[in-house]
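Have a look at the structure below before the remarks.
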Amino acid sequence: MTELPLLVEVELAADRVFDAIGMGPLPPPGSVEELAAASCVLVAGDPPVGFARLGVVDGQAHLEQLSVHPDHAGQGVGSDLLEASCEWAARAGHRAVTLTTFADIAWNGPFYARGGFVPVTELSDGLREIRAHEAALGLDELGPRIAMRRVL
C-alpha cells in the first residue's frame, strides 16, 4: 500500500492536537511496518485524511489506532472510520471490537462511548498486556486510560 507513509503523517498531525491541551509528548506514531502488518487498515480520503488500524487481540478485533488529520476534524471522518472498523470486524467473524484510549478527552473516551463502546471492567490477558505496554510508554502519566469494547 503506497499510502502508508502518508498515514504516518496523518497520525503525527492528529497527535499534535494533544499539545494544545497540554498533553505530551506522545510516543511516536506507528511505523509503516506496523501499518503493513495490521489485520486491516481503513483509509479515508485521497490523499488520506484519516485511517483506522485494526489487529486481533484475544481472538477479537482490536482498534489499534484511529487518526484524523486536524484539518478534517469534526466532519464525521472519525465516526465513519469507527463504523467501518466495526463493519470490517463483523464481516471477519469477530463478535466484538476492543480499544484502549484516554478516558476523559472528548475525542477519545467520550467519542467511543457515543459510538457504542463501553468500559471493560475486567481486562483479558491481551488487553492487560496492551495496558502494561502503554504504561511503559508513559501514557498513563498523561491522563487516565481505559479499555473499551463494542459488542457487534
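The values are calculated or read from the model by the stated rules, or taken from the named source; none is laboratory data. Given the structure is predicted, the values throughout are model-derived calculations rather than measurements. FYI the Cβ positions are ideal-geometry reconstructions off the backbone, even for glycines, and counts take in every protein chain you see. Remember, those area values only see protein heavy atoms, side chains included, never the ligands or the DNA or RNA. Shrake-Rupley method; radii C 1.70, N 1.55, O 1.52, S 1.80 Å.
The length gained by stretching the chain between ARG16 and GLU87 to full extension, at 0.36 nm per residue less their Cα-Cα distance, is 22.7 nm.
Expressed in whole Å with the largest first, what are the equivalent ellipsoid semi-axes of the range 95-152 derived from the C-alpha gyration tensor as the square root of 5 times each eigenvalue?
Values for the range 95-152, descending: 18, 15, 7 Å.
Modelled spin-label separation between ALA106 and THR2, with each label point placed 7 Å from Cα along the Cα-to-Cβ direction: 3.8 nm. If you plug the beta carbon distance of GLU141 and ALA113 into 1/(1 + (r/R0)^6) with R0 = 25 Å, you get a FRET efficiency near 0.60. Sorting ASP125, ASP58, ASP46 by accessible area puts them as ASP46, ASP125, ASP58; the probe is 1.4 Å, largest comes first, and only protein heavy atoms count. In the distance distribution for the range 58-104, Cα-Cα pairs more than 14 Å apart total 55 percent. For the range 25-128, the list of trypsin sites (Lys or Arg not before Pro) that fall in a loop by DSSP and count at most 15 other C-beta atoms within 10 angstrom reads ARG95.
Translational diffusion of the range 1-112 was estimated from the Stokes-Einstein equation, with Rh taken as the Kirkwood radius over Cα pairs; at 25 °C and 0.890 mPa s the coefficient is 172 µm²/s.
What GluC sites (Glu not before Pro) in the range 40-139 are in a loop by DSSP, with at most 12 other Cβ atoms within 10 Å of the Cβ? Show your work: numbers first, answer last.
On the way: sites: GLU64, GLU83, GLU87, GLU122, GLU129, GLU134; in loops: GLU122.
For GluC sites (Glu not before Pro) across the range 40-139 that sit outside H, G, I, E and B with at most 12 neighbouring Cβ atoms in 10 Å, the list reads GLU122.
Across the protein chains, with a 1.4 Å probe defining accessible surface, the residues LEU6, LEU54 rank LEU6, LEU54 from largest area downward.
Amide H contacts of ARG145: ALA103, each under 5 Å away and 5 or more positions distant or on a separate chain (H built 1.01 Å from N in the peptide plane; Pro and chain starts excluded).
Can you give the accessible area per residue of the chain, in Å², using a 1.4 Å probe?
Per residue, the chain has 52 Å² of solvent-accessible surface.
The 1.4 Å probe gives accessible areas that order HIS69, HIS133, largest first, as HIS133, HIS69.
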